[in-house]
Every structure is written in C-alpha cells, then in structure tokens.
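What follows is one structure encoded as structure tokens, with my remarks underneath.
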Amino acid sequence: MLAAVIKEFGGPEVLVRVGASGVNPVDTYIRNGQYAVLPTLPYTPGRDGAGIVEKVGADVRDVNIGDRVFFASPVTGSAAEYCLADRVFPLPPGLTLQEGACVGVPYMTAYRALFLLGKAQKGQRILVHGASGGVGVAAVQMAAERGCTVVGTAGTDDGAKLVLTNGATDVFNHRTAGYLEEMKKKYPEGFDLIVEMAAHQNLASDLDLLAKNGRVAIVESRGEVKVNPRALMSKESSVFGVQLGLSTPEDWAESSSYVYKFLNSSRFRPAIGRVYPLESIAAAHRDIMAGGGAHGKLIVSINDQL
C-alpha cells in the first residue's frame, strides 16, 4: 500500500505520516454504499487526520518536510500509516496530533456553516442542534468566540456539560420530552441561525424555532423529512445545505487561516471523545452511528510515537 501511495505522489500533494485519523459519519455512509459519490475499490476510510509531513510535491508551498499538520478530504484514506493529501494545513503548536485529528472535518465544516454560508455575526442567537459531537463542539466554540449567544443540545448529561464548558450559554437535553417547548418559551424571539446535525429528525421543528429571516444550516441528515413550506414563508426564513467537499481553494484558505488562529489563541481545544486502535476501526464506525449520545470526536490512533 505504501509503495502504491508513493508511486502516485507529486504536484500539489503531500505525503503525511499519520499520527491519528478522524472518524466521521461519512465513513459509514461510504462503507454502506449510501453516499452520493462512492469511491473505487480498494478503499481506505478516513476523511481527516493529523501527522508529520514526509514528502511534498513540487507545487506545495505552505508546508515543509517535518511539519506537524492536519488535513481534510485526503486523496487516500487517513486510517493508514501514510496518507496522500492535497488539503494540508499547519497544526497549531499547542495541539497534539490526536487533537489535530479532530480539526479537519469538524472545524472546517463548522466554519463553513457558521460564517462562509451562515454569515453569523456578533450578538446573534445561534442554536447548535446536536452540539456535543465533533462538528457541534467546534461550532459552539467558534460562535461563542465570535460573540454570539450560543444554545446547544445534547443527548446525555456528560454531553451537556461538554457543551457548556465549550462556550454555550445554555443547553437542552434533546432526549427529554418537551424540550422544544421549553426552548421556545425561554427564547421566544427565536434563533438567527440553527446549525443542524440531524435534519431528518429536527428540520420541521427547527423552522418553528427560527427568528424572522432566520436560517437553518443542514450539516447532516440520515433520511428524508417532511416540512410545510408555509413555515418558511411566515418568517421569510431559509434552509441551506453544508457540503465541505464543495469548498473552493479560496474557501479552504479562509477557513484554514481562521481555524489556525482560533485554535492557536483561544482558550478552547478540540474535544476528543474516544480513541480506538486501528484494528478496532469497525467498532468506531459502529459507535459513531449508534446514537448513544456524542461526547466529542472519535479518533483512531495510528502512531502514538510521532
């Protein structure tokens, strides 16, 4: 496998010796054949990670051999000793490689949802619906740092504590009956932006929670949902999807620059939920889809000696 990767190496690509690989829901969608664009086989899972630069292509300018980096949407999967990637970014010096494996997809996606597409601004009310997972924690942190009033939801007490310690001013347990009514009563003015992690369950109720001209950013959905268009019309609200893979080079540059500065200077750090050995990656995939209540990002340790 290593020989095949090196053979294909060149141009804008970077060969990374992987320290840790991130686990994301998209890995399981690809495994199950339920993703919009399926890769050719053989396929190595892993859509983000962190490690040490081993080699750089002739067109690479921003990283050098020996640099500690994080990466997203790699050419080859990150759940391997070596990974070929062309979206590679310097890792803030204060972060470990395991923390770096929590950055690529979660923070870039959260930045895209909040700021590139959602246009979140200081003073706005933001609801992160599903705030205790990788993307959710990142969204809570960055929205709080921007000066927004951030409300989150989580499915466990531990998840709720995680959300509060990462910048939310309030949190609701979305497994508690009547939590939507309680939230609406407490925030009758509604939310300017909702970052949604389970649109198949929550989109219809999200529309009821929006403020006038509010927006819903759909980060994840695992099925279809029925909504009444009048709910959008009544508040002139809108819904948009978030797809990290559609980022332009300019988007990547803006997002990575912001995320680096944010993680290098803020009090927040990536939240690691659980670390698995490489041989247990199937268990990690099962756990991320089990719905037991997220508590940070799941990662796979590839090389803890780096």
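Laboratory data are not the source of any read-out in this text; all were calculated from the coordinates shown. The shown structure was predicted, so the numbers you read here are calculated from the model rather than taken from an experiment. FYI the Cβ positions are ideal-geometry reconstructions off the backbone, even for glycines, and counts take in every protein chain you see.
List the residues, sorted by chain then number, that are 5 or more residues from Val216 or on another chain and whose placed amide H is less than 5 Å from its amide H.
Here Ile194, Ser238, Val239, Phe240 satisfy the definition.
Kindly flag which residue pairs out of Lys161/Lys226; Lys161/Lys184; Lys212/Lys297 have an alpha-carbon separation exceeding 25 Å in this structure.
Too far apart for the 25 Å limit: Lys161/Lys226; Lys212/Lys297.
Angle between the Cα long axis of helix 134-146 and the longest principal axis of the chain, 0 to 90 degrees, nearest 10?
Orientation of helix 134-146: about 70 degrees from the principal axis.
Which of Asp208, Asp59, Asp170 ends up with the largest GNM mean-square fluctuation for the chain, with Cα atoms connected below 10 Å?
Maximum fluctuation in the GNM of the chain, among the listed residues, is at Asp59.
Given H placed on each backbone N at 1.01 Å, which residues far from Ala72 in sequence or on other chains put an amide H within less than 5 Å of it?
Arg87
Give me Val103, Val37 sorted ascending by neighbouring Cβ count inside 10 Å, so fewest comes first.
Starting with the residue having the fewest Cβ neighbours, the order is Val37, Val103.
If I take every Cα pair under 8 Å that is 6 or more residues apart in the range 118-241, average their sequence separation and divide by the length, what percent do I get for the relative contact order?
Reported relative contact order: 22 percent.
Please order His129, His174, His200 by the number of other Cβ within 10 Å, starting at the fewest.
His200, His174, His129
Under a plain spin-label model, where a point goes 7 Å from the Cα along Cα-to-Cβ, how far apart in nm are Arg267 and Thr248?
About 3.7 nm separates the two model spin labels.
With no solvent and one point per C-alpha, what does the Debye sum give as log10 I(q)/I(0) for the range 168-252 at q = 0.21, 0.23 Å⁻¹?
Taking Cα atoms of the range 168-252 as identical point scatterers yields -1.07, -1.21.
Can you give me the relative contact order of the range 12-118 as a percent, contacts being Cα pairs under 8 Å and 6 or more apart?
Relative CO of the range 12-118 lands at 33 percent.
Could you tell me the distance between the Cα centroids of the range 128-143 and the range 9-65, to the nearest Å?
Taking the Cα centre of each part, the range 128-143 and the range 9-65 sit 23 Å apart.
Arrange Tyr276, Tyr111 by Cβ neighbour counts within 10 Å, fewest through most, would you?
With the fewest neighbours first, Tyr276, Tyr111 line up as Tyr276, Tyr111.
Give me the log10 of I(q) over I(0) for the range 118-241 at q = 0.18 Å⁻¹, as the Debye formula computes it from C-alpha points; what are the numbers?
Results for the range 118-241 at q = 0.18 Å⁻¹ read -0.89.
May I ask for the Rg/Rh ratio of the range 149-193, computed from Cα atoms with Rh as the Kirkwood radius, given to two decimals?
0.96
Helix-derived [θ] at 222 nm for the chain: sum -39500 (n - 2.57) over DSSP H runs of at least 4, divide by residue count, nearest 500?
-9000 deg cm²/dmol
Have a look at Gly118, Ser132, Ile218 and report the one farthest towards the positive end of the charge dipole of the range 118-241, computed about the Cα centre with Cβ charges (Lys/Arg +1, Asp/Glu -1).
Towards the positive end, the residue furthest out is Gly118.
If you add up the charges near Gly51, with Lys and Arg at +1 and Asp and Glu at -1, over every other residue whose beta carbon is less than 13 angstrom from its beta carbon, what do you get?
-3
Please report the spacing between the Cα centers of the range 261-298 and the range 150-211 in Å, no decimals.
Result: 21 Å between the Cα centres.
Which value, in debye to the nearest 20, gives the size of the charge dipole of the chain about its Cα centre, when Lys and Arg are +1 and Asp and Glu are -1 at the Cβ?
600
Hey, with R₀ at 41 Å, roughly what FRET efficiency would Asp157 and Tyr43 work out to, going by the Cβ-Cβ distance, to 0.05?
In this case the efficiency is close to 0.65.
Taking just the alpha carbons, could you work out the radius of gyration and Dmax for the range 41-80, both in angstroms?
Answer for the range 41-80, Rg first and Dmax second: 11.1, 31 Å.
Which lysines, if any, have their Cα less than 18 Å from the Cα of Lys55, not counting same-chain residues under 8 positions apart?
Result set, ordered by chain and number: Lys7.
What list of ³J(HN,Hα) values in whole Hz, one per residue of the range 279-286 in order, does the Karplus curve 6.51 cos²θ - 1.76 cosθ + 1.60 (θ = phi - 60°) give from phi, with Gly and Pro shown as x?
3J(HN,Hα) across the range 279-286, in whole Hz: 5, 10, 4, 4, 5, 4, 5, 5.
Please compute the net charge surrounding Ala143, taking Lys and Arg as +1 and Asp and Glu as -1 over other residues with Cβ under 15 Å from its Cβ.
Surrounding charge for Ala143 is +3.
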